[in-house]
1. Obtain the nm distance between the two label points defined at B:Y363 and B:L133 by a simple spin-label model: each point lies 7 Å from its Cα along the Cα-to-C-beta direction.
2. Assuming a ≥ b ≥ c are the square roots of the Cα gyration tensor eigenvalues, decide whether the range A:220-282 counts as rounded (a/c under 1.5), prolate (otherwise, with a/b larger than b/c) or oblate.
3. Averaged over its residues, how many other protein chain Cβ atoms are within 10 Å of peptide B:615-621's Cβ atoms?
4. Please go through the range B:532-586 and write out the GluC sites (Glu not before Pro) that DSSP classes as loop and that have at most 14 other C-beta atoms within 10 Å.
5. Is there a simple number for the mean count of other chain Cβ atoms within 10 Å of the Cβ of residues in B:640-651, and what is it?
6. Sticking with the crude label model, points 7 Å out along Cα→Cβ, report the distance from A:E503 to A:V52 in nm, one decimal please.
7. Need one word for the range B:114-203: rounded, prolate or oblate. Basis is the Cα gyration tensor (sqrt eigenvalues a ≥ b ≥ c); a/c below 1.5 gives rounded, then a/b vs b/c decides.
8. If R₀ is 41 angstrom, what is the calculated FRET efficiency for the pair B:D107 and B:V211, using the beta carbon separation as r and rounding to 0.05?
Amino acid sequence: VLFDEVRYAQSVADLQALERAAWGRSDVVLAYVQMLGVVSPEHRSLMETVFVYGAKHQFVLTTGGPLLEHMDPGRTAGVWFLHCRLLPGPAGSGAPDPRCPRTPMRRPLSTLDLHGFLRLMEAPLTEVREDPSSVHPHHTLLQTPQLFLFSRPSTEHPDRAVATTLAWRLRGLALLMLGSGVKYLTLTNLEEVVGLFNAQERAGGHEEEEEEEEEERDADMLDDEVAESVFRSRGVSLDMDAVTLLNSDNFLPAVAEHSLTVALFYLKWDAVSMAVLSKFIEVADRLVADVQMGVVDCGEWTDLCAAQAFPSVLLLRPQETAQRYRGMLGSEALHRFILIATVCVCVYPCGHGELDHLGCGSVLLHVLHVGSITLDVCRRSQPELTVANLPSYLALGRPLLLLFVGSEEEEEDDDEWARRETQAVLREVRAAAGGGGEGGAEGYLPCWIHLGRTPAGVSVLRTYLGSLPPLPALVLSQLPSGELYHYPSHGPIVARSVLHWLEGIRDGTEPPTGTMGDDGWRPAAPLYDFLSVMDHEAPGYARPSSPRVKTGEGEEGGGREGGGGEREAQPSRPPWHSEL
Amino acid sequence: MDRFPAALLLFLVLLLSAVIGLVRAVIDQPDRYDYCVLGAGPAGMQAGHFLAKANRNYVILERNSGPGSFFNIYPRHRKLISINKIYTGRRNREFNLRHDWNSLLSDRPDLLFQRISRDLYPPADAYPRYLSLFAEELGLEVRYGVDVGRVRAVQTPSGRRYLLTDRKGTEYSCRVLLVSTGLWDPQKVEFPGWDLTESYESVSVDPEDFVDQAVLILGKGNSAFETAQSILGRASRVHLYSPSPVRLAWQTHYVGDLRAVNNELLDTYQLKSLDGLVEGGLEDIAIVRRHDDQGPHPSTPPPRRRGRRAGGAGPRETEGEERGEGRKGGGGRLYLTLADLLDNQDVRNGSRVAAANLPAYHYDNFSLRQPYDRVITCLGFTFNFSIFDGSARPPNSEVARGRLPAVSPWYEGRGTPGLFVLGTAAHSRDYRSSAGGFIHGFRYTVRAVHRVLEQRYHGNRWPSTPLSVTQLHSWILRRVNEASGPYQMFGVLGDVVLLQGSQCEYLEEFPVQALPRLPSLAGHRVPQGGLLVLVMQYGLNRSDSLGPGRSESEWTQAWRSNFLHPVLYYYDRLPTERDMRRRPAGWPLPRPKAVHHMIEDFLTEWDGPVSHGQPLRRFLEHCLQTDLRAFYAETCFLLSLTHRRPPPFCQRGYLERQGVAGEARAWRPPRDEAPPSGHDSDSSEASPSLPSYLSPAGTSVSLGSKLEL
């Protein structure tokens, strides 16, 4: 039902038409959501808001494209409030610029923030009679700065005019309160107040502006996501209080004093090291167990850092050989691992050979993990794939009969009905795959991804199919041929038709939907070719020289000066390269 | 029966004589060693350490009673100008060696020169003490008092050997001879009046001996300036004369050029305080003595001095006594003139010097027209070739006017296989460019030579570290940020990376001039993927060393860097000897397939993600033809499910269950993830959601054209 309340705009012209229609009538709320559908939390928040405000404002939805570039090339906001209602009369069709003034919402799209934002748009200026400390704004505005302006009865009208102007300037940034009774405060300059909020916003850790600056220099933009995220947080110094700084002097005593020391060896110029260091500190902050968390700066303490790969995490116990942590380098996995390491360790029995190469710790780690990957591999014939466990299943080398589910945005299946629905479909798929396990005719591994718990699955699906199909969606991938098959989204997923579909694939009558990428991972960016730059800017500098005539390297005659046995006359060299 | 005892007797006599002969043979047999090291200076001791560590059969032979005897005499004014910087703010020992110019390499972290002296410019006496400590703590095999006067090569059934004979007639037979005798012989120049000069080796170091004297010093190197500096406060005038203008180390980056620590005379010259520098040839001049009261036709013959001195080996402490006496004897003062003006044979032979024999007669403003009380030669030292028999004598170098032995890029004497030159005498390889003539440089070349020896004679390949390509970037950054060898021996020793698919072998500090011989010298084959060479280099040096624009900060301008900075050369095949000969002027290596300069850094910390890390990574990606970016586990998850193979980083980490977890909630798919074929038209749809960091990079670089590798 709500979908009717919401208009959709993809192009700038779409929006202009909507704005024109809204002139003098209603304000417009333009929202950008990454994708449509119930799996998208943004979309869901928006629809909830539409439910409340739908009658008051015109809601417009976009999923990107040129419109987004037009609104906000820097991508700093996801929602804009277009102030069309107060504009005088409907815009004539010939109006050169039908645009309404707009206010971006600075916060990420969530139901609470969107409510607050709209409330702020409605009442940018509130008149109060109480003492400022007793003013309690609506709960949705708790995160919004409040600016109190004070007025006297004698100047009420001009003050209100000033306050209204200021409220307009600060819309979306602050909530203005106009009160009375204070005698000593004078507002002399509106710009100072506006500047105060803008400065606050800049200083408040908003990265958008920095990013904008960096975008000006494409070549210098970090295209390595790990390096980029580490670089982006360069202003935040890591709080090393929770970890012991280990060095050559204190290492041995520090290890001897604790029953367990977990040590991270890192290099500060290695982005992966620094990304892991911040996770490591997170774990140290959370950890209540009696474990010493230590870090070794291998740029400094080279004698402690025989390890070749950085970063690495070692478990050290007094009088025992160090044990290398071989699990996922993330706070969740590391935290679990350390908790397990502090209790009595017993290896979970698992007969499958493919797990033998897993370290004891990582098997245990996974035993404790959601749903238990070990159990999955050992026993489950139809596992849920997650970021953490996918490698174990890919190692099996079997094609994946992959079901994408995710009937709710939350991570856990709160909704009993949805869960049952999912289970039912999973059963059908398993049945079609021949009971699962290696007994399946084609060795397909039936498995599933929950898009709520594994958001990266959304991108997987989008990459497979080019767009998001209705869920649940069934895909056959990881075939040796690299081909991909998407089970027709219009039909219900029942064992019989899935089987039929699989037979079609086997017979070659079912056309592949796509193929897996096979780009060989060539360099990500073009080479900055210093040689061609040299050839262009300094012709001859990089040119091979003609075979040298024996001139004694160009020594000129007559010189034999020297001190300490190391001097000689000036050689003839290229005038601008006297060094090497 | 009579005959039997006689026969027995004869037999016994024969047997006895045979035994005696055998014993005598054994006694006469020279001491046999696999390695003989000639000279217990810093280079010899450094070589001794590596030989001892490898458990080799070696001996260090030293003619004096203690190590480093050069430092007992030189520098004459007893201050070392090699930097002993013991406070660097860092605890990385390798890094600290970048600023420690005196220590030798060893595995003992505390066996550093700072144990002996904490002075930035330490006293010279400290050096022999350090060498004694070094030899003692490492238990090096040194024989003192063995003055080898003759070296010859012989062919034996087991191969070429070097026979060393000392002054006592003892012989040493060596399979490999490491010559680390340094430079001892003062440089001589044939000009009339040489005998009227004094020399650096013997001139007084007491400034009071120079009170109110005018002094001409021949030479403009550190010894000349060191001498000048000590007498500046007493001498009336100090002039330095030599063919070439003074070269300042802080301008040329060559530590053999004039160091600021010795250059006070530049001040007194430029502030016109009676001292000065003059350029002119040395072979054309003459020094003559002329009495001040001499008229245009002087009547008193100048004192005639005997010939200069004999050549040959050995310290020359006594030699100066022959020279310079001219100053004291006979009165009169010394003039610098041109040999051409002494056309009169009588004058050359010491007869009277006429006014017309002096330049001032012809050019009334000739710079050096005033007489001097003393003329001191400070012209440096040469290698002592005289102890080498023709069979074992390396030729004279082409550079340095032949003062040094000519050696191969791996420091083996030209034409003398098995004889290697180490230390200062090996400086012909990087004469006037790098640090191979100085302790802080040759300690690394000695190690390189030892690695060549280990490969050639013991089959031990050049040590190497296997790395996966995903580790290479971080490994190279580590080396450029801490390695001392390539930093000190810039342009000479470089790290070599052999590239083979997803693996590589990392070799440290190979002498890059020997690159064409890498397989035989290092025992490593050059794989299909080619190789990378990492060297440190100073730059074009076109700008004023202290002027504006002396450094670059844009990474795209890195090739114009003036200060020391890392440079990587990529070759798809091993360069040949011909390639080496044809290398561009001033380059340490031939034109490569691709080159990468890392922008010079004020702090020499090449760790900036934007200026250093990313440009390096992109260069490596092109050499290896692979994507070397790091990815969070979430991205690896996506790429593993949507590609036949995820990128190398995901293969190495994530698929091995060692992914790097990102912020799962904040994770966004990378932009350049093209959907599988068949959905190309949809790719734009996904783009708005993509993070800004993944926009196509490098596109703003107008000159960066894609290279076909």
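The values are calculated or read from the model by the stated rules, or taken from the named source; none is laboratory data. What you see is a predicted model; the values in this text were computed from it and never measured. Don't worry about glycine lacking a Cβ; one is built from the backbone with ideal geometry, like all the others, and counts go over all protein chains shown. The protein model used for the area step is the full one, side chains on, heavy atoms only, and it has no ligands, DNA or RNA in it. Shrake-Rupley method; radii C 1.70, N 1.55, O 1.52, S 1.80 Å.
1. The answer from the label model is 5.2 nm.
2. Prolate, since a/c reaches 1.5 and a/b exceeds b/c.
3. So the per-residue partner count for this stretch is 5.
4. The qualifying sites are B:E554.
5. The shielding value for this peptide is 6.
6. Here the answer is 5.5 nm between the modelled labels.
7. oblate
8. 0.20
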